[in-house]
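Enquirer: Questions regarding the structure given below will be posed in turn.
The values are calculated or read from the model by the stated rules, or taken from the named source; none is laboratory data. These numbers were taken from a predicted model, which means no experiment stands behind them. Neighbour counts are summed over all protein chains in view; Cβ atoms, including those assigned to glycine, are modelled from backbone coordinates with ideal geometry. Only protein heavy atoms, including side chains, enter the accessible area calculation; ligands, DNA and RNA are left aside. Shrake-Rupley method; radii C 1.70, N 1.55, O 1.52, S 1.80 Å.
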Amino acid sequence: MLKIRIIPCLDVKDGRVVKGINFLNLVDAGDPVAQAHFYSKNGADEICFLDISASIEKRTTMLNVVEKTAEKVFIPLTVGGGVSSIENIRDLLKAGADKISINTAGILNENLISQAAEKFGSQCIVAAVDAKKEKDSWAVYSHGGSKNTGIDALEWMQKLQNLGAGEILLTSMDRDGTKKGFDLELLNRASSQLAIPLIASGGVGNLDHFKDGVLVGKANALLAASVFHFGELSIKEVKQYLSNEGINVRIE
């Protein structure tokens, strides 16, 4: 069994790490370069850097911040936000990103996913899906969670896999920042139909939530933000807990 990855997420707006609830009411959570460096030294398996307002503001990810972050981080760095072309992806990889997260642009142009996977390799392409519960299903939202596309999330994830995405970053908008735990039903439904790795995001508030994401949701990686940014839990603490629960994680 592959080791479960623990990934702190840096949502960046105006050059600062921010965190909110249900994608709203953002509060400052620090400097992205300093945060990434800290996590890199303290047990993170990867760093996820998302420029959350880039798509709404119709601009590309801030390359200078990515470059500075990459200089301080010696674990895989996934970068997303405003990625809309092969040129954007190439620039970000040159700036030091290891993987590129694509959300809105992939919805607007499905060919971008397949072209990117073909050109740079599926292992570089992370398809991000922001999903919100709609009665008995989940709808995909674009533009930083501000637009309901009407697309069924489970069907979309299957399509993203077929298009060549190397893994799926699935965020429950209903759980984002609430600390109520992952949307385990959504995770389990997604993981049961996907052959590629699934990163769970949205809702972590305690150690049991991490365990449930693996044992119930069947996720391959667990992403969290506020519990790490505000010092409620450390990555080493989470990993030790999971290891004690019989879950395979990397412990240095």
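Enquirer: Hey, Asn248 hits all of (1) closer than 24 Å to Phe38 by Cα; (2) at pLDDT 95 or above; (3) under 18 Å from the mean Cα position of the chain (by Cα); (4) not acidic (Asp, Glu) but one; which does it fall short on?
Expert: Answer for Asn248: the failing condition is (3).
Enquirer: OK, next. Report, by residue number, each residue of segment 221-239 that is in a loop (DSSP other than H, G, I, E, B) and under 20 Å from Leu169 (Cα atoms).
Expert: Listed by number, the list holds a single entry, Ala225.
Conditions (1) closer than 22 Å to Ala36 by Cβ; (2) part of a helix (DSSP H, G or I); (3) in contact with a strand residue (DSSP E or B) (Cβ under 8 Å, 6 or more places away or on another chain), marked per residue:
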| position | (1), (2), (3) |
| --- | --- |
| Ile168 | no, no, yes |
| Thr178 | no, no, yes |
| Gly181 | no, no, no |
| Glu185 | no, yes, no |
| Asp212 | no, yes, no |
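Enquirer: Among Ser172, Ser192, which is open to solvent by less than 40 Å² (accessible area, probe 1.4 Å) and polar (S, T, N, Q)? Walk me through it before giving the result.
Expert: Working: Ser192 fails: open to solvent by less than 40 Å² (accessible area, probe 1.4 Å).
Unique residue meeting the criteria: Ser172.
Enquirer: Quick one: what pairs do we get from segment 79-106, first residue closer than 10 Å to Phe49 by Cβ, second of a type in the set (Phe, Trp, Tyr) and part of a loop (DSSP other than H, G, I, E, B), C-beta under 9 Å, 6+ apart or different chains?
Expert: Close Cβ pairs (under 9 Å, with a partner that is of a type in the set (Phe, Trp, Tyr) and part of a loop (DSSP other than H, G, I, E, B)) do not exist here.
Enquirer: Considering segment 61-87 alone, what residues qualify as being buried (at least 17 other Cβ atoms within 10 Å of the Cβ), closer than 18 Å to Leu112 by Cα, touching a helix residue (DSSP H, G or I) at 6+ places or on another chain (Cβ under 8 Å) and not β-branched (Val, Ile, Thr)?
Expert: If the condition is that a residue be buried (at least 17 other Cβ atoms within 10 Å of the Cβ), closer than 18 Å to Leu112 by Cα, touching a helix residue (DSSP H, G or I) at 6+ places or on another chain (Cβ under 8 Å) and not β-branched (Val, Ile, Thr), then Gly82, Ser84 are the ones that fit.
Enquirer: If you check Glu134 against the conditions, is it open to solvent by 10 Å² or more (accessible area, probe 1.4 Å), charged (D, E, K, R) and modelled with pLDDT of 95 or more?
Expert: no
Enquirer: Just give me the residues in segment 142-159 being closer than 27 Å to Arg90 by Cβ, at pLDDT 95 or above and open to solvent by less than 40 Å² (accessible area, probe 1.4 Å), in sequence order.
Expert: Listed by number, the residues that qualify are Trp156, Met157.
Enquirer: Of everything in segment 224-238, what is in contact with a helix residue (DSSP H, G or I) (Cβ under 9 Å, 6 or more places away or on another chain) and either surrounded by fewer than 22 Cβ atoms within 10 Å (Cβ to Cβ) or not aromatic (Phe, Trp, Tyr) (or both)? Give them in sequence order.
Expert: Scanning segment 224-238 gives Ala224, Val227, His229, Glu232, Leu233, Ser234, Ile235, Glu237, Val238.
Enquirer: Is there a residue in segment 188-202 that is part of a loop (DSSP other than H, G, I, E, B) and modelled with pLDDT under 95?
Expert: Start the filter on segment 188-202 by keeping residues that are part of a loop (DSSP other than H, G, I, E, B), which leaves 194-197, 202.
Those still in the list that are modelled with pLDDT under 95 too: 202.
Yes: one or more hits.
Enquirer: From the list Ala165, Ala153, Ala190, Ala224, which residue is touching a Pro at 6+ places or on another chain (Cβ under 7 Å) and touching a residue at least 24 places away in the same chain (Cβ under 8 Å)?
Expert: Every option except Ala224 fails the conditions.
Enquirer: Output the residue which, of all residues in segment 115-131 that are outside any strand (DSSP E or B) and under 15 Å from the mean Cα position of the chain (by Cα), is surrounded by the fewest Cβ atoms within 10 Å (Cβ to Cβ).
Expert: Gln123
Enquirer: Sticking with this structure for a sec: What do you reckon, is Lys218 open to solvent by 10 Å² or more (accessible area, probe 1.4 Å), in a loop (DSSP other than H, G, I, E, B) and not hydroxyl-bearing (Ser, Thr, Tyr)?
Expert: In short, yes.
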